[in-house]
Amino acid sequence: MTQTTTPPRVLTIAGSDSGGGAGLQADLRTFFACGVHGMTAITAVTVQNSLGVTGVSLIPPETVAAQIETVAGDIGLLAAKTGMLATAEIIEAVAEACDRVHIGRNGEIPFVVDPVAASMHGDQLLLDNALDALRDELFPRATLVTPNLDEVRLLTGITVRSYDESREAAKALHAMGPQWALVKGGHLHESPECVDVLYDGETFLELPAKRIDTKHTHGGGDTMASAITSALAKGASVPDAVRFGKQFVTNAVRHAYPLGGGVGPVSAFWRLPQETLPTFGLRDRDEGA
Ligand code: PXL
């Protein structure tokens, strides 16, 4: 029997996207492309395609907690992230389970909290009454929080229109308890650049990238948070992990592809040597659609 070394293990606590674009499907693809073993604590199953979400089925909070504790107890993990958490009850169960297995700043395992509130179609992925739980229960446990500008507005009340306002928002988010706050600039559509701002309570780090002209950005936030989580699992500092995540997602947006009649996903394919894979005679990708 061939025996190889166990890769770094990471955990995503997130929802399923049946269309395969965002959610835990994007997380697992990114983990694979980053060379880490991905595990999942599923919080919700969305009924979804490229046009939007038409249904949500919640996983019982105790089952979410049990998934976290079961993989942590046997397999162990070096970093964890959250995506769609849906309800205050699930958030509370996640916070308690994380404490029990030492995920987050009360323990020793780096914890990235991506405060997913809505899909890019505006479909609600977090109940209104769950926003407080996210802020009060998870932010103080987070190594890093990674909101986009819509989530920043919901969490802080600040509407970001400029780089100065991004800094102000990063300060407000940091005051909610995470070790680091990352304000992502991708949703500032008028700007030719996507400038992200990272803040640890002392220093601002500015991460610029050119805006890429595509409507296919489904799963971009999940992909970035997963790449950051993978880098943290390998021992990167938070600034280095965020630089890596930004570079990873920028390439993924550059390789985004159309899917169905709506919005297509960003793609981790850029990280894999497609030219080395057999085509089995299928030359034009569209022929497969
Ligand atoms: O991209 C945020 C996100 C996270 N998780 C699930 C989603 C989405 C966006 O649609 O469906 C399950």
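Read the figures in this text as sums done on the coordinates, not as results from a lab. Predicted model, so just to flag it, every value in this text is computed and none were measured. Here Cβ is always computed from backbone atoms with ideal geometry, including for glycine, and neighbour counts include all displayed protein chains.
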TODO: Identify which of L11, L24, L272 has the largest mean-square fluctuation in a Gaussian network model of the chain, with springs joining Cα atoms closer than 10 Å.
DONE: L272
Task: Fully extended contour minus Cα-Cα distance, from E96 to F280, at 0.36 nm per residue - done: 61.3 nm
TODO: Treating each Cα of segment 72-118 as an identical point scatterer and ignoring solvent, apply the Debye formula and state log10 I(q)/I(0) at q = 0.25, 0.27 Å⁻¹.
DONE: -0.97, -1.07
TODO: Note down the nm distance, to one decimal, between modelled labels 7 Å out along Cα→Cβ at A209 and at T159.
DONE: 2.7 nm
TODO: Measure off 7 Å from each Cα along the Cα-to-Cβ vector at E202 and D74, then give the distance between these two points in nanometres to one decimal.
DONE: 4.3 nm
Open item on the list: Modelling each spin label as a point 7 Å along the Cα-to-Cβ direction, I'd like the R167/F269 distance in nm, to one decimal.
Closed with: 4.1 nm
- [ ] Work out the length of the dipole vector of segment 66-143 about its Cα centre, built from +1 on the beta-carbon of each Lys and Arg and -1 on the beta-carbon of each Asp and Glu, and round it to the nearest 20 debye.
- [x] 280 debye
- [ ] Would you please name the trypsin sites (Lys or Arg not before Pro) within segment 210-269 that are DSSP coil residues with at most 14 other C-beta atoms within 10 Å of their C-beta?
- [x] K215
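Full extension from S18 to D128: what is 0.36 nm times the residue separation minus their Cα-Cα distance, to one decimal in nm?
Between S18 and D128, full extension yields an extra 37.3 nm.
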Open item on the list: Can you say what percent of the DSSP beta bridges in segment 9-288, counting only those with both residues inside, are antiparallel? Round to 5.
Closed with: 40 percent
Open item on the list: Ignoring everything except DSSP H segments at least 4 long, calculate the 222 nm mean residue ellipticity for the chain; use -39,500 (n - 2.57) per segment, divide by total residues, nearest 500.
Closed with: -9500 deg cm²/dmol
TODO: Take every DSSP beta bridge whose two residues both sit in segment 133-289, then give the antiparallel share in percent to the nearest 5.
DONE: 75 percent
Open item on the list: Using DSSP to call loops (not H, G, I, E or B), can you name the GluC sites (Glu not before Pro) in segment 171-223 whose Cβ has at most 11 other Cβ atoms within 10 angstrom?
Closed with: E190, E202
- [ ] Would you mind counting up the charge near V195? Only other residues with Cβ under 12 Å from its Cβ, with Lys and Arg at +1 and Asp and Glu at -1.
- [x] 0
TODO: Evaluate the charge dipole of the chain about its Cα centre and quote only its size in Debye, nearest 20, assuming +1 on the Cβ of each Lys and Arg and -1 on the Cβ of each Asp and Glu.
DONE: 800 debye
TODO: Pick out the long, greasy-scoring helices in the chain: whole DSSP H runs spanning 15 Å or more along their own axis by Cα, mean Kyte-Doolittle at least -1.0.
DONE: 23-33, 61-74, 88-100, 220-233, 238-254
- [ ] List the lysines whose Cα lies under 20 Å from the Cα of K215, skipping any in the same chain that are fewer than 8 positions away.
- [x] K184, K246
- [ ] Could you work out the Kirkwood radius for the chain, taking every pair of different alpha carbons, averaging 1/r and inverting it, reported in Å?
- [x] 19.0 Å
